Amino acid sequence: MRPISAAEYERKKADAICLPLATESVDAALALHMLYHVSDISQAVRELSRVVARDGLVIASTNSDRDKAELDDLWQRAAGDVLGTGGGPARVSLSARLSLEKASAFLGEEFGRVETMELPGTITVDDPEPVIAHMASYRAWADQHDVPFYATIERARTILVDHIARYGAFEITCLGGVLVCRR
């Protein structure tokens, strides 16, 4: 791979399923936490394969199906308490469309070698507000499932405050990963 000059560098904005690049015209491509957002994941992977040179590299990333399970459990408990059902509906994760567990197979359809590197971690919070701010992003999903959003958020806040008072912190287990793809 050769370095490119500033004059050769040009940013392009495009749909991942139809890249405005010539075949084998780039040495590397990044697909970081975005493939699960495209309408046709297989087509986006084919496009990445098409535009990357034969000796090129694609680096993709996504989350595991097990990523941040504690947030899902908190949401289900809070929604269940509000609904009086003991457990609310499971939140649909966007990354589930191309989880770490599925990504190697998708990418392997176009790339001969796919190496997966798991990136585990833990988020420890001693203040409920960052978690509540994150849960605010669930609004559209909650509305689709008739979950009383604001009441569920307030119930989650109460659960978190009680948990932090009892244990000193709330821990969230994270699992994402990077996939290094070559032909």
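The values are calculated or read from the model by the stated rules, or taken from the named source; none is laboratory data. Everything quoted here is computed from the prediction, not taken from an experiment. Please note: Cβ atoms are built from the backbone with ideal geometry, for glycine as well, and neighbour counts cover all protein chains shown.
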Inspect the stretch 89-98 for any residue being touching a residue at least 40 places away in the same chain (Cβ under 8 Å) and part of a strand (DSSP E or B) and give the result as yes or no.
-> no
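Quick grid of which residues meet (1) assigned to a helix (DSSP H, G or I); (2) more than 30 Å from Ser25 (Cα to Cα):
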| residue | (1), (2) |
| --- | --- |
| Gly56 | no, no |
| Leu71 | yes, yes |
| Gly80 | yes, yes |
| Thr85 | no, yes |
| Glu110 | no, no |
| Ala133 | yes, yes |
| Tyr138 | yes, yes |
Restricting attention to the stretch 41-87, which residues are over 30 Å from Phe149 (Cβ atoms) and in contact with a helix residue (DSSP H, G or I) (Cβ under 8 Å, 6 or more places away or on another chain)?
-> Ser42, Ala44, Val45, Val58, Ala60
Counting only residues that are in a loop (DSSP other than H, G, I, E, B) and surrounded by 18 or more Cβ atoms within 10 Å (Cβ to Cβ), how many does the stretch 38-54 have?
-> 1
Residue, nearest to His33 (Cα to Cα), within the stretch 146-157, restricted to residues that are without any contact (Cβ under 8 Å) to a residue 60 or more places away in the chain and surrounded by 13 or more Cβ atoms within 10 Å (Cβ to Cβ) | Phe149
Is it true that Ala105 is part of a helix (DSSP H, G or I) and either hydroxyl-bearing (Ser, Thr, Tyr) or buried (at least 16 other Cβ atoms within 10 Å of the Cβ) (or both)?
-> no
What single numbered condition from (1) at pLDDT 95 or above; (2) over 20 Å from His37 (Cβ atoms) fails to hold for Leu100?
-> (2)
